[in-house]
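Chemist: Before I ask anything, here is the structure I am working with.
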């Protein structure tokens, strides 16, 4: 999102993280902005019983941590690597300097935050007003239309059943059963456990 050259010029440092590493914890002070060069990062809350509530998956060339920095507060989620990752991180102070120095980047950050808020409201309405099949159909269609977490070459859904469960609040068993029914209805294809979406999306 922010050009790598600008981040490095302002003192960003690079780091490599293996899968399963925690970059920051929920309720810790927002001291860094992160930008992902490769890999994936999950932004989640963890309940007292250990269950994960998945809010977002960050992909390459996307950033995270800016909301807490702009709020001058704490991170509201835990960031955990979903694969081996390479990242840039820069102090909150330098991040603020960048977005005020470059007006176009300030606008891009604001637009990103607006998109994420819009998606969160979409998910809340979806979860509280739909059946499991409607939840999955609408969520997958939304991801496909926004070209996120769906392979643009083969149309494979880049989320596991567990991640879909953590994102929607449905049980994994419900996700599996619902996807099998959707396959029977021709809404998606399951090949060797991988889920593929029709080229023209889900009806």
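Since every read-out is calculated from the coordinates, none of them should be taken as a lab result. Nothing here was measured: the structure is a model prediction, and the numbers come from that model. No Cβ is skipped: glycine too gets one built from the backbone with ideal geometry, and neighbour counts run over all protein chains shown.
Chemist: Once the Cα gyration tensor of segment 4-120 is found, what semi-axes does its equivalent ellipsoid get, as square roots of 5 times the eigenvalues, in whole Å, sorted largest first?
Modeler: Output for segment 4-120: semi-axes of 22, 17, 13 Å.
Chemist: Next question. Looking at the chain, what % of the alpha carbon pairs are farther apart than 31 Å?
Modeler: Of all Cα-Cα pairs in the chain, 23 percent lie more than 31 Å apart.
Chemist: Follow-up question, since we're still on this one. So what is the orientation-averaged projected area of segment 76-160, using the convex hull of its C-alpha atoms, in nm²?
Modeler: 7.9
Chemist: Over the alpha-carbon set of segment 133-196, work out the extent along each principal axis and list the three values in angstrom, largest first.
Modeler: In descending order, the Cα extents are 29, 23, 20 Å.
Chemist: To make sure I understand, if each residue's beta carbon is the centre and we count other beta carbons within 10 Å, what order do 53, 77, 67 fall in, fewest to most?
Modeler: 53, 67, 77
Chemist: Right, here's the next one. Taking the chain as a Gaussian network, where each spring joins two C-alpha atoms under 10 Å apart, which residue of 82, 71, 27 fluctuates the most?
Modeler: Highest fluctuation among the options: 71.
Chemist: Please give, to one decimal in nm, the separation of the simple spin-label points placed at residue 1 and residue 38, each 7 Å out from Cα toward the Cβ.
Modeler: Result: 2.3 nm between the two label points.
Chemist: Let me ask you something else. Quick check: residue separation of residue 102 and residue 130 times 0.36 nm, minus the Cα distance between them. What number comes out in nm?
Modeler: Stretched fully, the residue 102-residue 130 segment lengthens by 5.9 nm.
Chemist: Related question: Label residue 196 and residue 22 with points 7 Å out from Cα along Cα→Cβ: what is the distance between them in nm?
Modeler: Placing both labels 7 Å beyond Cα along the Cβ direction yields 3.9 nm.
Chemist: Per-residue counts of other Cβ atoms within 10 Å, averaged by peptide: what ranking do you get for 144-155, 32-43, highest first?
Modeler: So the peptides 144-155, 32-43, ranked by packing, come out 32-43, 144-155.
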